[in-house]
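Colleague: Below is the structure I would like to discuss, written out as structure tokens.
The values are calculated or read from the model by the stated rules, or taken from the named source; none is laboratory data. Being a predicted model, the structure only gives us computed values, none of them experimental. All Cβ positions, glycine included, derive from the backbone under ideal geometry; neighbour counts span all protein chains shown. Accessible surface is based on the protein model in full, side chains and every heavy atom, while ligands, DNA and RNA are left aside. Shrake-Rupley method; radii C 1.70, N 1.55, O 1.52, S 1.80 Å.
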4 protein chains.
Amino acid sequence: MHPSPHFASDNTAGIHPEVLAAIAAANTVHAVAYGSDVWTATAIDRFHEHFGPEAEVFFVFGGTGANVLGLQLLARPHEAIICADSAHIHADECGAPERFIGCKLLAVPSRDGKLRPTDIASQLKGIGNEHHVQPRVVSVTQATEYGTVYRPDELGALAEVARRHGLRLHMDGARLANAAASLELPLRAITAEVGVDVLTFGGTKNGLLGAEAVVVFDPALARDFRYQRKQAMQLPSKMRFLGAQFAALLGDDLWRRNAENANRMARLLADLAGQVPGVTITQPVEANAVFATVPRDRMAALLERFFFYVWDEPRTEVRWMASFDTTEEDVRAFARHLQAVLA
Amino acid sequence: MHPSPHFASDNTAGIHPEVLAAIAAANTVHAVAYGSDVWTATAIDRFHEHFGPEAEVFFVFGGTGANVLGLQLLARPHEAIICADSAHIHADECGAPERFIGCKLLAVPSRDGKLRPTDIASQLKGIGNEHHVQPRVVSVTQATEYGTVYRPDELGALAEVARRHGLRLHMDGARLANAAASLELPLRAITAEVGVDVLTFGGTKNGLLGAEAVVVFDPALARDFRYQRKQAMQLPSKMRFLGAQFAALLGDDLWRRNAENANRMARLLADLAGQVPGVTITQPVEANAVFATVPRDRMAALLERFFFYVWDEPRTEVRWMASFDTTEEDVRAFARHLQAVLA
Amino acid sequence: MHPSPHFASDNTAGIHPEVLAAIAAANTVHAVAYGSDVWTATAIDRFHEHFGPEAEVFFVFGGTGANVLGLQLLARPHEAIICADSAHIHADECGAPERFIGCKLLAVPSRDGKLRPTDIASQLKGIGNEHHVQPRVVSVTQATEYGTVYRPDELGALAEVARRHGLRLHMDGARLANAAASLELPLRAITAEVGVDVLTFGGTKNGLLGAEAVVVFDPALARDFRYQRKQAMQLPSKMRFLGAQFAALLGDDLWRRNAENANRMARLLADLAGQVPGVTITQPVEANAVFATVPRDRMAALLERFFFYVWDEPRTEVRWMASFDTTEEDVRAFARHLQAVLA
Amino acid sequence: MHPSPHFASDNTAGIHPEVLAAIAAANTVHAVAYGSDVWTATAIDRFHEHFGPEAEVFFVFGGTGANVLGLQLLARPHEAIICADSAHIHADECGAPERFIGCKLLAVPSRDGKLRPTDIASQLKGIGNEHHVQPRVVSVTQATEYGTVYRPDELGALAEVARRHGLRLHMDGARLANAAASLELPLRAITAEVGVDVLTFGGTKNGLLGAEAVVVFDPALARDFRYQRKQAMQLPSKMRFLGAQFAALLGDDLWRRNAENANRMARLLADLAGQVPGVTITQPVEANAVFATVPRDRMAALLERFFFYVWDEPRTEVRWMASFDTTEEDVRAFARHLQAVLA
């Protein structure tokens, strides 16, 4: 029997049934390609309801594409992007920002995945020196790669420091829904309203087949986005099926229901796993990720039935993720497995 | 009433029902992301049946991404790619090859979209001169952007000239299925067997929701493709749904049935339209495209009920495309419209 | 005996004695690197005298670097540069613009190296279409690669068409001095005053050891040039020696004296060579280049004593260049050689 | 009176008289451009004497260009370069490697500018993971940016670790002459003989007007260098004057005489300055740099007569550099100034 990858990532889950139904419902007549269709228009309307009518919204294939396209609106090649060292753009995109934008990333160590105002300040010394890249963007991940969540005041403080030094604020919101659900806030309250300039809004990790959005809060920035998206190989021809997915996700609060379930299941898992001797939960469980250390000598046995990622090998810190479709029974089965192996 | 875009392109069609069913069938358990799943493995097996067991196969989001990733295996930044001036990589990808690879395209005028051996020879004069980009790749489109189809001997002749000068052969097969159906040949007979080094195999225009494949016939070239795909923002996380699409397309000859229907409907359209006074068919109808000139003063009226693209404005040459789901009734309705407007 | 390369190019000449003396004179005390020195300041003052006090002036190592840095001020990666097919940026820089800027060049055939307003118009059809690169820059070479010279009204007409369509005008002035000398006009009259936005001003071909300048007529464009120059690997550390060269060239009209001599010697060569049976002068001799066809069967013999470039092999069209230090005796010796070989 | 920049950097010095004489001596007849001249050939012969006859040698304008061109021979865009965080390629080239190569730099903190084998090991965890850039190059600076010098055994150990993991070794030898002089070893003993694959050999900081060399010890790597140099905007047209400079530097041991003087003067400065109360020398003085901390409240006064760089503002650590032409009297004058200000 293969080990179950259920807790390996939130992208091991499939498509939420309402989303798949929306795809099927859009599969009727011929429709103009590349986004001039009613499903895409409907989805953009939904984004406007959540993020405000000024926001420019563009759909793309994947999260790396969304991040890179968003960042290239803000940084030119001789400029630099400040981010946490765990940021997806730095650690998990195989150098896509460097290759496509040509710029440097200034990665700041962060134990919980969050940037703080002093981290920004520490990276500004080269400003005005022609030998140095010029810091121009602060990029935060919400929720972070460690499953922690920025509060609005924390984001506001980062935005304020950024603005004071002429920097723009980018948010990788691959798991923005989980953060908003965790904070019990609308999406707008942790993006547009705290000073985010450009947002990656993730759908794939929250129940879509595959679709991400770039949301640009300053329309002037977005003027040439259509060309840039095409040049970045991120323009889907049958765009209506991305529109249909997002319309389903953002209508009727599916995004929040999915995220709440994933968050709740992560908390349950942390509660149960935290009671197992030998397991130490290492990060606050604020979204749908659980980080924990486990005994090194039990790792192989643990991985026999459940596949998951070892995040920090030297510390034997592992990551477990809950998804939109994780059930209480899934969690309890995993906890029983932990208990049995570590007993 | 909106004009119908049915004949505007083969990407105005939706998803073939068998493909959508395959997506739904894959939407069961959790599966490891990024391609280590059974649906992807099955799809790759299908490719091996068609293209030979040596071929390395990679799935990506879109056609531009597939072309650029394929080309970067063959050309470095100081090298150049010879193609027809109508080639999608030159005319319709918003400079993606230049931006991502950094190389120059040498576009040769071609009335029917085909390259000929003398076109290659005409671009070789800078070889060995450090001030000039160095030609390294010949890129052909099969079927061409003009709906014409290279015969195997034509491709073989190009491959032979290329090899003699140290160049590699790339094929943009966004409509390879249409070409193979037209020639009544297996896919392999117009790719691996005639000397193609790297192939883009298109699925989206032939009934998929969205998936393209890069097929590399020389495995040594593909060694680092996985990293390059990720860096090029073309790695789908829920890869299983691309695998499921391709498994459906390449199993049970769906690819050929779809392509044959599109080709047949294009020929029917050419036959019927060609009888309408004022319409002149301008290209051989060998795949699923029909090119024709129409009277300039009737253009607006023609576009009222059917939306399609004017390909060459000065000549009022237009393009009509048939799709996998075009019916004889669709074609006859369009022909009646032509007749009525041009009468 | 090696063949003399005297007429092969204007960069086979060495350093004008006044320029070498200026370098030696600057070789005294220690000076701050990278341009904060008095020699650089003096040279910039000289540029301001010629081009107006608003012009931003930057020195770089070479002509390709100057062109690419100038162009990247005007075009982003998804935009395109319209130029003649003989333009140095297209034909002789080994793809440097594509690699560094990531953009496409739209090369228009031109028999005499000049662009005309209709050439610009012919390249504008893709504007607003997301699949196409967006034309943003017109680049002209003055004097052209064919030794022809744009008159001010010709440049003004190009600038006017460009402006009407939202394009900017770049000039590759590797031989601007030759053009100004030919027209008996100040440098400003064929650059700033006719609507050039960014200029490459060449020094190396006109008697310098090696130095080129980028002159930016709209200061807002130049704001980040210092960083871009460094990132483009074009920032000389011992900048004072570039400043000293330019100060010498632009002071006391050395630039004009050098260019006038080269132009005069080219005209003399054309006069003498044109009288040799078998030689046909193929371009107007307006600067320091002479283009001519010669009998194919005498080519090898011609090249035995003088090395020069065959420009167009099928037509056996060759290029002969005169330099700042070419003497009447050099020209007469070359003409006698032509006469002897072709007799 | 302006403060003297004498100790600010070794590029505030001018041209060594023997080098300037060599330039003048090469300024005779017309010579073929781009490197097919006798001066360039002679210089390459000199390199072969020092580095072995197999080495491929190319001259370029500047140090950043040399580093980037050397690195692009070794790393493709999805690969990564491991270096110390003080490395010029990371800290002082305004992101040129990222922009031109498209790759990521993995910068390791190092207090003395040296990499150690464990630093390499710490950066290898992402190997084989498609989401991560793939480490491919180790880049060391000799002498380091902190004026420390790698011994042959230290370099050999790095080369050995690199080789074991399939990585190549690049050396930024902007001050290689200073390192070789310090170790009293031939140039080859700390490059080719310890496993360096590609070397930047610096000339500008050691008495040239401006010229750097890329030395490639594996000829297969260098096959397309000529095109890459041109595309990187680093091909000088009047190459003979770079050749003449290098021929002068590497003939008759001028490189060693210059470096020895600079090193000796740095040691003298460290000795004298180290005796001044309030000054602490912070790095071993092994080449021509002196690092020291000075009292914060005397900094402004110190900078009044001598301009130099504050290297680490929080620690008030400064850098003083000696040059090929620094005299004992220069050093003593500077030391007297220190004494006077800090008294």
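Colleague: In terms of Cα to Cα distance under 29 Å, which lysines are near enough to residue C:114, apart from those fewer than 8 places away along the same chain?
Modeller: Answer for residue C:114, where 29 Å is the Cα cut-off: B:104, B:125, C:104, C:125, C:205, D:230, D:238, listed by chain and number.
Colleague: Further question: Taking the Cβ of residue D:246 as the center, what net charge do the other residues with Cβ under 13 Å away carry, scoring Lys and Arg +1 and Asp and Glu -1?
Modeller: -4
Colleague: Enter the accessible area per residue of chain A (Å², integer; probe 1.4 Å; all protein chains in place).
Modeller: Spelled out: the 1.4 Å probe surface of chain A, per residue, equals 33 Å².
Colleague: Hey, if we sort B:16, C:48 by accessible area with the 1.4 Å probe, largest down, what's the order?
Modeller: Sorted by accessible area, descending: C:48, B:16.
Colleague: Additional query: Distances from residue C:164 to the same residue in each other copy, label points 7 Å out along Cα→Cβ, in nm, shortest first?
Modeller: The projected label point of residue C:164 is separated from its counterparts by 4.8, 5.2, 7.1 nm.
Colleague: Using a 1.4 angstrom probe and counting only protein chains, how large is the accessible area of residue D:286 in Å², to 10?
Modeller: 60 Å²
Colleague: Quick one: what are the phi-derived ³J(HN,Hα) couplings along segment A:295-306, Karplus 6.51/-1.76/1.60 with θ = phi - 60°, whole Hz, x for glycine and proline?
Modeller: x, 4, 6, 9, 4, 4, 5, 4, 7, 5, 9, 10
Colleague: For chain A, what is the relative contact order in percent, using Cα pairs closer than 8 Å and at least 6 residues apart in sequence?
Modeller: 25 percent
Colleague: From the phi of every residue in segment C:91-97, what ³J(HN,Hα) in whole Hz does the Karplus formula 6.51 cos²θ - 1.76 cosθ + 1.60 yield, where θ is phi - 60° and glycine or proline is x?
Modeller: These are the phi-based 3J(HN,Hα) values: 9, 9, 10, 6, x, 4, x Hz.
Colleague: Would you tally the net charge around residue D:132, using a Cβ to Cβ cut-off of less than 10 Å, leaving residue D:132 out, and scoring K and R as +1, D and E as -1?
Modeller: It works out to a net charge of 0.
Colleague: So how much accessible area does residue B:64 have, in Å² to the nearest 10, using a 1.4 Å probe?
Modeller: Probe radius 1.4 Å; accessible area of residue B:64 about 10 Å².
Colleague: Pick from B:101, B:82, B:127 the residue whose mean-square fluctuation is largest in a GNM of chain B, springs joining Cα atoms under 10 Å.
Modeller: Highest fluctuation of the listed residues: B:127.
Colleague: How many Å² of accessible surface get buried when D and C come together, counting both sides, probe radius 1.4 Å, rounded to the nearest 100?
Modeller: 4300 Å²
Colleague: Let me ask another. Let me know the shape class of the protein assembly as shown, please: from the alpha-carbon gyration tensor, a ≥ b ≥ c as square roots of the eigenvalues, rounded when a/c is under 1.5, otherwise prolate if a/b is greater than b/c, or oblate.
Modeller: oblate
Colleague: While we're on this one: Please list the non-local residues whose amide H lies under 5 Å from the amide H of residue D:75, H modeled 1.01 Å from N, same-chain partners needing a gap of 5 or more.
Modeller: Long-range HN contacts for residue D:75: none found.
Colleague: If each residue of separation counts as 0.36 nm, what is the full-extension length gain between residue C:264 and residue C:116 once their alpha-carbon separation is subtracted?
Modeller: 50.6 nm
Colleague: Under the rule a/c < 1.5 gives rounded, and otherwise a/b versus b/c splits prolate from oblate, where does segment D:254-342 land using the Cα gyration tensor?
Modeller: prolate
Colleague: Would you kindly find the accessible area of residue D:49, with a 1.4 Å probe and non-protein molecules such as ligands, DNA and RNA excluded, rounding to the nearest 10 Å²?
Modeller: 120 Å²
Colleague: Looking at chain D as a GNM with Cα springs under 10 Å, which of D:264, D:46, D:305 has the largest mean-square fluctuation?
Modeller: So, out of D:264, D:46, D:305, the one fluctuating most is D:305.
Colleague: Let me ask something else. How high is the relative contact order of segment D:254-342? Use alpha-carbon pairs under 8 Å, at least six apart in sequence, and give a whole percent.
Modeller: Worked out over segment D:254-342, it gives 37 percent.
Colleague: Tell me the distances, shortest first, between residue B:340 and the same position across the other copies, using label points 7 Å along Cα→Cβ, in nm to one decimal.
Modeller: The answer, with the shortest distance listed first, is 7.0, 8.5, 10.0 nm.
Colleague: Here is a further query. Each residue of segment D:190-203 in turn: what ³J(HN,Hα) in whole Hz from Karplus with 6.51, -1.76, 1.60 and θ = phi - 60°, glycine and Pro shown as x?
Modeller: Computed from phi, the couplings for segment D:190-203 are 10, 9, 3, 6, 9, x, 5, 8, 9, 10, 8, 10, x, x Hz.
Colleague: Let me ask something additional. For segment C:195-248, calculate the relative contact order in percent as a whole number, restricting contacts to Cα pairs under 8 Å that are 6 or more residues apart.
Modeller: 33 percent
Colleague: For residue B:4, what residues show an amide H to amide H distance below 5 Å, using hydrogens built from the backbone and excluding near sequence neighbours?
Modeller: Correct list: B:306, B:307.
Colleague: A further question on this structure: By Cβ position, which chain C residue lies least far from the axis that rotates chain C onto chain B, and what is the distance to the nearest whole angstrom?
Modeller: Per the C/B rotation axis, the closest residue of C reads C:98, 2.
Colleague: Express in whole angstrom the spacing between the alpha-carbon centres of segment B:228-249 and segment B:1-56.
Modeller: What the calculation gives is 9 Å, centre to centre.
Colleague: Under the rule a/c < 1.5 gives rounded, and otherwise a/b versus b/c splits prolate from oblate, where does chain C land using the Cα gyration tensor?
Modeller: oblate
Colleague: Taking the Cα centre of segment C:1-131 as the origin, how large is its charge dipole in debye, to the nearest 20, when only Lys and Arg (+1) and Asp and Glu (-1) carry charge on their Cβ atoms?
Modeller: Once rounded to the nearest 20, the dipole reads 360 debye.
Colleague: Given H placed on each backbone N at 1.01 Å, which residues far from residue B:84 in sequence or on other chains put an amide H within less than 5 Å of it?
Modeller: Hits under the 5 Å cutoff: B:108.
Colleague: Show D:194, A:29 ordered by accessible area, largest first, where the area counts protein heavy atoms only and the probe is 1.4 Å.
Modeller: Correct descending sequence by accessible area is A:29, D:194.
Colleague: How would C:78, D:30 rank on accessible area, largest to smallest, probe 1.4 Å?
Modeller: In descending accessible area the options line up as D:30, C:78.
Colleague: Identify which of A:207, A:147, A:126 has the largest mean-square fluctuation in a Gaussian network model of chain A, with springs joining Cα atoms closer than 10 Å.
Modeller: A:126
Colleague: Any idea how far the Cα center of segment B:197-225 sits from the one of segment B:70-147, in Å?
Modeller: Segment B:197-225 and segment B:70-147 have Cα centres separated by 18 Å.
Colleague: Excluding residue C:102 itself, calculate the net charge of residues whose Cβ lies under 14 Å from the Cβ of residue C:102, where each Lys or Arg counts +1 and each Asp or Glu counts -1.
Modeller: My count for the surroundings of residue C:102 gives +3.
Colleague: So the label point sits 7 Å from Cα along the Cα-to-Cβ vector; using that for residue A:125, what distances do you get to the other copies, in nanometres, sorted shortest first?
Modeller: The projected label point of residue A:125 is separated from its counterparts by 2.6, 5.5, 5.7 nm.
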